[in-house]
């Protein structure tokens, strides 16, 4: 049984302009100790999906439905008090911007201690010791002296380490990382990704990493879900998504990436803009931008269906499999021309 | 007319740090740009890459003369523009344009798109009203927007479309050089590709020269003919893009390259990343000797922390500032630090 | 920090000089002669000249100003008789003597200041008691009935003139219902006269407090609501929720403290400004505070009293500025540690 099984998740927001269907029937699962990457462009619903699972959307304007079974219980239908016990204890979350994710008026020690005390019946002294251990574990230099410092006294990378320490302090089963390295420089990003992998190995934590960066996904994820306009376009193991992508949107994403290892004169680009979720296109939501569009795409919503001889690899596209295999191979040959590892 | 459109020599920009009760006296300076030299040839793209705080944006603003350099010279199209006054600069402004990072903030929200794009034409009095309007509509079409959107406001466009407006505005006066400061870093991957392709197409069509600044190595590598790597206000390495990627000489370049996540699980597994320790130091008080030495896997005590390495040549159009350059690539972190022993002896001893 | 304080005090001194100079100059250019008023309607030119000499207004404005500074300074030339100076020495700082009544300005100001202070501090407590809960709750439940009602209150509070509010209150609660006295002031401590003591004091101030607080309460509700809504959207509030913190704790520890930071500055400034005289409220309710006194002194061209109140108001602003800065540093580590 997977650690977290999300089924037919739907989230919509009431806004002044109308109802935004931010997430529209998303299903996925994550196994214990594994890493799932959810990848897509801004507004595709990747963050909202996980915020819904955590019950962190603004309740007044949100409606959600579906199931999110975590260790036998449905997170979406459970009482808020019970969900609060799980948040920060069994499931923890870190966010994109370490500059704004820590409260500027409290010392980091205080914020870590708060996380311990919320879920453990221990004294403040014990909590502080745990906080210090956590800071040491995430590699804050001279942690014993820095525990009473305030967030603004740390660099971006160090703040993200503090966030990770705070998330992992109660040894959760699942860590949700929402764009954890997007705001960081590339060498700092490498440090943080390495740290997350190390901690995952030590604690057996499952990770959901939400990102727009296909490079990050390829590097850290075991499984990948590609989202477009509130739906999962394609999901599978990291190798099947990158080596045998079966959805035109995934092709578009991979083709539009500038790459270090290849000399491309022009990038393959996806024309147009992502659709408004106030009024999404009928049928396949990608059809107005798709180069392979057929009549059926304009009316019928494609179901997420397994790819032959790879049941874990599922995609939502009406194209026939032969064409997909051919296009995937062509794309791979183009983007990898002359590539070698460095 | 020489081949070099822009020659920057020993450019410095220091920001004072002041302290005092009534009279502020300078107690230190942030050496944001500290002795940067490079040339940009006509029709090429020079990419500038580095992490936050490396001085790349300050350098660009000095070149644009939006900031006054503290030292050094900037020669644009054969003319020294380092100390020109505002009035003297005015005719040169139309040959030097800039595209900014944030397509939301860099367009005046109260003005119509037609006005935003045509403003430079009006300022430089390049045509009658009707001519300017025709030119603006032509530009809208060139950058892939509908010429009928002439009368719309910026908020009616998406992020990518706004960046197209930014490009059109820069193109309006037929500039010789366009400085692009992180033009695609606020955009999604698919839109980023559209803008990168547009910039490349326009370069071919109009023979433009770009200085392209970004923190994303992939993007810089894709668009640039030559790439300059900056670290803490100094040039670490400058080379033709292909060479920089295949044979980086500076350990910082190597670390940067190996830190970029590869969108291919196989290639990713094959390589071993070199993860630098620590953060970029404070530019108020930069490390002695080579500024990279506290984080460098090849650091040699008594040399790197004492002598500042100068840029030296490693073949055609390839320079790096390092006492113990990488001798091949790829290298693993272990090989890099092992190579330290091998390298300690030979290199010419300091006086 | 010490350096910062020194710099602030130096600037405060410059500010003080600027404000007093401007007040002096304004009085000088007004075409009225206080000496004439003092000497009376039927005074001869000789009488007026004598009065002028007595008041010191026969001297040029800069001399008057220097004399004013000299009187105010604890160290300077000692004035033996009006216009006659003895040697240098330490002395009691003085704001001078009223043109019209020959009272010591020090006494006038120190009699009026507690009245205004009572009004302002009591009013501030009242408006904070009203605006913090309303502001926070309307931020938590935007568009709810309470929020809409609060917005109507804000609209009325901001658009209504304090005199109008004061008169309505006086009419309804003072005249019609007879719950509170309409005018008059009772000393809080000294029960010497017919009324006094904390109960009488508060009872007499009830209507002025309310009238005075409504305008500010409206502004504060709006500010607190906006700030709290902004803070609720901060990433660190989401972090706190993701940690599993109950809503009450999130609000207490992560929302209120941050959103009320700005209010501290606003409160300090408003109190400081109002201490210079809440002219409208004091006039409507006949409170003998600084505002009413200032108004009367201006009408009587009684420069020393006006000057005394200006000096007091300037000092209040300077002191409160400093207090705000210190409080701000105490509660915001970003200020404290930079």
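Quick rundown of the values:
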item: Members of region B:251-284 that are within 23 Å of the chain's Cα centre (by Cα), over 28 Å from residue A:253 (Cβ atoms), in a loop (DSSP other than H, G, I, E, B) and touching a residue at least 12 places away in the same chain (Cβ under 8 Å); result: B:276, B:280, B:281, B:283, B:284
item: Residue within region B:188-203 that is in contact with a strand residue (DSSP E or B) (Cβ under 8 Å, 6 or more places away or on another chain) and in contact (Cβ under 8 Å) with a residue 40 or more places away in the chain present; result: yes
item: Matching residues, region B:172-184, being surrounded by fewer than 21 Cβ atoms within 10 Å (Cβ to Cβ) and touching a helix residue (DSSP H, G or I) at 6+ places or on another chain (Cβ under 8 Å); result: B:173, B:174, B:182
item: Residue A:232 closer than 24 Å to residue A:137 by Cβ and either more than 12 Å from every other protein chain (Cβ to nearest Cβ) or modelled with pLDDT of 95 or more (or both); result: no
item: Selection status of residue C:64, surrounded by 12 or more Cβ atoms within 10 Å (Cβ to Cβ) and either within 14 Å of chain B (Cβ to nearest Cβ) or under 18 Å from residue C:84 (Cβ atoms) (or both); result: yes
item: Criterion: touching a helix residue (DSSP H, G or I) at 6+ places or on another chain (Cβ under 9 Å), closer than 23 Å to residue B:337 by Cα, surrounded by fewer than 22 Cβ atoms within 10 Å (Cβ to Cβ) and in contact (Cβ under 8 Å) with a residue 60 or more places away in the chain - qualifying residue of B:314, B:299; result: B:314
item: Whichever residue in region A:153-173 is surrounded by fewer than 24 Cβ atoms within 10 Å (Cβ to Cβ) and away from chain B (no Cβ under 14 Å) and, among such residues, is farthest from residue A:208 (Cα to Cα); result: A:170
item: Condition check for residue C:313: crowded, with 19+ Cβ neighbours inside 10 Å and either modelled with pLDDT of 85 or more or closer than 20 Å to residue C:15 by Cβ (or both); result: yes
item: Pairs, first more than 18 Å from residue C:112 (Cβ to Cβ) in region C:172-198, second at pLDDT below 70, C-beta under 6 Å, six or more apart; result: C:197/C:191
item: Hits in region B:257-273 - residues which are within 17 Å of residue B:51 (Cβ to Cβ), at pLDDT 85 or above and touching a helix residue (DSSP H, G or I) at 6+ places or on another chain (Cβ under 7 Å); result: B:257, B:259, B:260, B:261
item: Complete set of residues in region A:67-98 that are surrounded by fewer than 20 Cβ atoms within 10 Å (Cβ to Cβ), more than 10 Å from every other protein chain (Cβ to nearest Cβ) and not in a loop (DSSP other than H, G, I, E, B); result: A:67, A:69, A:73, A:74, A:82
item: Selection from region A:195-217 of residues that are surrounded by 17 or more Cβ atoms within 10 Å (Cβ to Cβ), within 12 Å of chain B (Cβ to nearest Cβ) and within 19 Å of residue A:140 (Cβ to Cβ); result: A:195
item: Residue check for residue B:52: under 30 Å from residue A:183 (Cα atoms), in a helix (DSSP H, G or I) and in contact (Cβ under 8 Å) with a residue 60 or more places away in the chain; result: no
item: Where residue B:47 falls short, out of the listed (1) touching a helix residue (DSSP H, G or I) at 6+ places or on another chain (Cβ under 6 Å); (2) in a loop (DSSP other than H, G, I, E, B); result: (2)
item: Positions within region B:194-221 being within 10 Å of chain A (Cβ to nearest Cβ) and more than 19 Å from the chain's Cα centre (by Cα), in sequence order; result: B:194, B:201
item: Every residue from region B:136-150 that is in a helix (DSSP H, G or I) and surrounded by fewer than 19 Cβ atoms within 10 Å (Cβ to Cβ); result: B:138, B:141, B:142, B:147, B:148, B:149, B:150
item: Wholly enclosed helices (runs of 4 or more DSSP H) of region A:224-342 bearing at least 3 residues surrounded by fewer than 19 Cβ atoms within 10 Å (Cβ to Cβ) and more than 25 Å from the chain's Cα centre (by Cα); result: A:321-335
item: Test set (1) at pLDDT below 80; (2) in a helix (DSSP H, G or I) - residue C:187 fails condition number; result: (2)
item: Residues within region B:209-242 that are within 26 Å of residue B:69 (Cβ to Cβ) and assigned to a strand (DSSP E or B), tallied; result: 18
item: Of all residues making up region C:82-108, the number that are buried (at least 21 other Cβ atoms within 10 Å of the Cβ) and either part of a helix (DSSP H, G or I) or at pLDDT 90 or above (or both); result: 2
item: In region C:240-269, the residues that are touching a residue at least 40 places away in the same chain (Cβ under 8 Å) and at the interface with chain A (Cβ under 8 Å from one of its Cβ atoms); result: C:257, C:261
item: Region B:88-135, residues that are assigned to a loop (DSSP other than H, G, I, E, B) and free of Cβ contacts under 8 Å to residues at least 24 places away in the same chain; result: B:105, B:125, B:127, B:128
item: Condition met for residue B:10 (surrounded by 15 or more Cβ atoms within 10 Å (Cβ to Cβ), part of a strand (DSSP E or B) and in contact (Cβ under 8 Å) with a residue 12 or more places away in the chain); result: no
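The values are calculated or read from the model by the stated rules, or taken from the named source; none is laboratory data. Note that the coordinates shown come from a computational prediction; the quantities given were computed from them, not determined experimentally. Glycine also receives a Cβ, built like all others from the backbone with ideal geometry; neighbour counts cover every protein chain displayed.
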